[in-house]
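Below is one structure, written out as structure tokens; comments come after it.
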Amino acid sequence: MEYDLVIRSRRTVLPDGTRPAAVAVRGQAIAAIEDLGAPLDAGRDVDLGDLALLPGLVDSHVHVNEPGRTEWEGFATATRAAAAGGVTTICDMPLNSLPPTTSVAALEEKRAAAAGQCWVDVAFWGGAVPGNEKSLRPLHEAGVVGFKCFLLDSGVPEFPPLEPAELRSVLASLAEVDALLIAHAEDGAEIKPASGRDFGSFVASRPPIAERRAIEKVISAAAATGARAHIVHLSAAECVAMIAGAKAAGIRLTAETCPHYLYFAAEQVPDGATEFKSCPPIRDSVNREALWRGLEAGVIDCVVSDHSPCPPELKSFDSGDFGAAWGGIASLQLGLSAVWTVARRRGRTLDDVARWMASAPAALAGLTAKGQLAVGADADLVAFDPDETYVVDAARLHHRHPVTPYAGRTLTGRVRQTWLRGMPLLEGEGEPSPVGRLLKRG
Ligand SMILES: [Zn+2]
């Protein structure tokens with residue numbers, strides 16, 4: 001046999017556009033891309049017909065929380081949810097696990113915790129906190145995909161924020177090795193305390209200017225140091241123009257937004273529905289439209305989940321108090337459907353979605369074998385029915401806790417099969433097993 005696996009689809013989403021094609025896999029990598037009907041000698045030949053064939057998604061923003069807060073989520077549950085949602089690579093955030101990933105020893109602890117229980121490939125972010133500057137280069141050399149920092153209280157005491165002077169100094173250190181800094185960009189000075197069941201009051205407590213002031217600091221520090229910086233979970237669309245301006249000026253800045261900012265609008269959030277709480281918040285429908293335009297214009301580079309679950313008790317469902325509830329939205333398994341549901345209505349294509357959710361986050365994290373259907377890349381593949389609709393049943397998600405604001409929503413586009421490096425994850429011969437690898441940058 002020349003190939004182990006061939007997958008044919010009339011809608012194969014390739015880097016240069018969608019067309020009928022056959023993707024041939026040898027070992028764990030894509031070995032050839034041929035015409036749809038090409039005769040190919042393969043151990044297994046799968047014809048998807050009209051189902052689309054997408055590159056496996058890369059979700060560069062996932063809080064797995066293991067070790068230390070494994071009751072919030074964990075590698076087994078998160079990666080199983082990822083596989084079901086068409087995500088074949090996740091990058092785990094450095095905070096909310098204990099210890100946080102702010103030293104090589106902590107990274108080793110996390111890799112040990114993850115080993116043997118991952119259903120998809122997993123890469124790791126390091127953390128930049130006050131006082132760990134000496135750990136940054138060793139972490140970089142140990143293969144983290146970059147460094148996360150906060151510019152305000154992170155919500156957990158073991159991961160404190162950087163002051164503006166520290167931000168600049170960290171960026172200067174990272175510039176020496178061309179490492180990436182990703183920033184939670186909200187300015188605490190612009191945020192008011194919030195309490196109560198009214199979502200509008202919560203949104204008003206974290207106004208767009210809080211994001212704007214923090215992004216200004218990141219832009220000025222990136223400009224001064226020449227370092228690469230990235231804004232995570234952009235919510236305030238008024239910042240799109242500023243980010244576009246920085247990019248046009250040659251500052252090495254990128255930005256992401258999340259499915260919940262593109263799907264929901266604050267007006268629709270019921271009182272006390274704390275499953276919708278995230279920081280920064282979901283804003284109004286005018287903001288959502290402007291965020292979409294920023295994404296469509298290429299100012300916002302990628303769409304990743306910021307999957308940040310917690311046990312239901314921490315969501316304060318009894319009181320419905322937005323001040324007390326943990327801020328984080330669980331959506332790892334649903335991001336592709338949520339984004340596609342709106343994107344197709346807007347006339348966008350699967351090429352756009354593959355760019356926002358696979359190739360751009362892979363490039364951001366420096367995962368060169370991931371995120372596209374190309375010869376030599378890992379054979380991470382997704383069979384996707386772009387026309388099928390379904391109602392989200394939270395109890396059927398693989399997330400550790402059945403809590404998500406998408407519960408009961410009708411979404412369009414369903415993952416039918418996921419292959420990780422050529423291995424089927426959802427159904428196939430034999431019992432699937434957790435074959436995910438722990439990745440290093442590159
Ligand atoms: Zn996050």
For every other residue with a beta carbon closer than 15 angstrom to the beta carbon of HIS63, add +1 if it is Lys or Arg and -1 if Asp or Glu, then tell me the sum. -2
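Using a Förster distance of 25 Å, how high is the FRET efficiency between ALA395 and SER433, based on the Cβ-Cβ distance and rounded to 0.05?
Given R0 = 25 Å and the Cβ-Cβ separation, E is 0.55.
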Rg to Rh ratio, the chain, alpha-carbon atoms and Kirkwood radius? 0.95
So, R0 is 56 Å and r is the distance between the beta-carbons of ALA32 and PHE317; what FRET efficiency does that work out to, to 0.05? 0.60
So how long is each side of segment 195-311 along the principal axes, counting just the alpha-carbon atoms, biggest first, in Å? 44, 26, 25
Charge dipole magnitude, Cβ of K and R +1, D and E -1 - segment 37-156, Cα centre, debye nearest 20: 400 debye
What's the extension gain from ASP284 to THR349 if we count 0.36 nm per residue and subtract their Cα-Cα distance? 20.9 nm
If packing is taken as the average number of other Cβ atoms within 10 Å across a peptide's residues, how do 154-166, 245-257, 210-222 rank, most packed first? 210-222, 245-257, 154-166
Principal axis lengths of segment 346-420 from Cα atoms, whole Å, largest first? 39, 32, 22
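What are the semi-axes of the equivalent ellipsoid for segment 116-174, taken as the square roots of 5 times the Cα gyration tensor eigenvalues, largest first, in whole Å?
Each semi-axis is the square root of five times an eigenvalue, giving 23, 15, 9 Å.
Report the extension gain between ALA105 and GLU238 in nm, rounded to one decimal, defined as 0.36 nm multiplied by the number of residues separating them, less their alpha carbon distance.
Stretched out fully, the ALA105 to GLU238 stretch lengthens by 43.9 nm.
Treat every Asp and Glu Cβ in the chain as -1 and every Lys and Arg Cβ as +1, leave all other atoms uncharged, and give the resulting dipole magnitude about the Cα centre to the nearest 20 debye.
Once rounded to the nearest 20, the dipole reads 540 debye.
Taking a 30 Å limit on the Cα-Cα distance, which of the listed pairs LYS192/LYS217; LYS315/LYS370; LYS148/LYS277 fall beyond it?
As for pairs spanning more than 30 Å Cα to Cα, those are LYS315/LYS370.
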Jot down the radius of gyration and Dmax of segment 284-442, Cα atoms only, both in angstrom. 17.3, 54
State the answer as a single residue: which of PRO309, TRP356, LEU426 lies farthest towards the positive end of the charge dipole of the chain, with beta carbon charges of +1 for Lys and Arg and -1 for Asp and Glu, about the Cα centre. TRP356
When the dipole is taken about the Cα centre of segment 372-426, and only Lys, Arg (+1) and Asp, Glu (-1) are charged at their Cβ, what size is it in debye, to the nearest 20? 220 debye
In vacuum, with every alpha carbon of segment 45-171 counted as one equal point scatterer, what does the Debye formula give for log10 I(q)/I(0) at q = 0.21 Å⁻¹? Two decimals, please. -1.17
Against the 2.2 N^0.38 Å scaling, with N counting residues, where does segment 1-111 land? I'd like the Cα-based Rg ratio to two decimal places. 1.42
Which one of ALA236, ALA249, GLN117 is farthest out on the positive end of the charge dipole of segment 102-254, using unit charges on Cβ (Lys, Arg +1; Asp, Glu -1) and the Cα centre as origin? ALA249
Starting from 0.36 nm per residue, how many nanometres of slack lie between ALA265 and LYS192 once their C-alpha separation is accounted for? 24.2 nm
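Laboratory data are not the source of any read-out in this text; all were calculated from the coordinates shown. Computed from a predicted model, the values in this text were never measured in an experiment. Ideal geometry is used to build each Cβ from the backbone, glycine not excepted, and the neighbour counts take in all protein chains shown.
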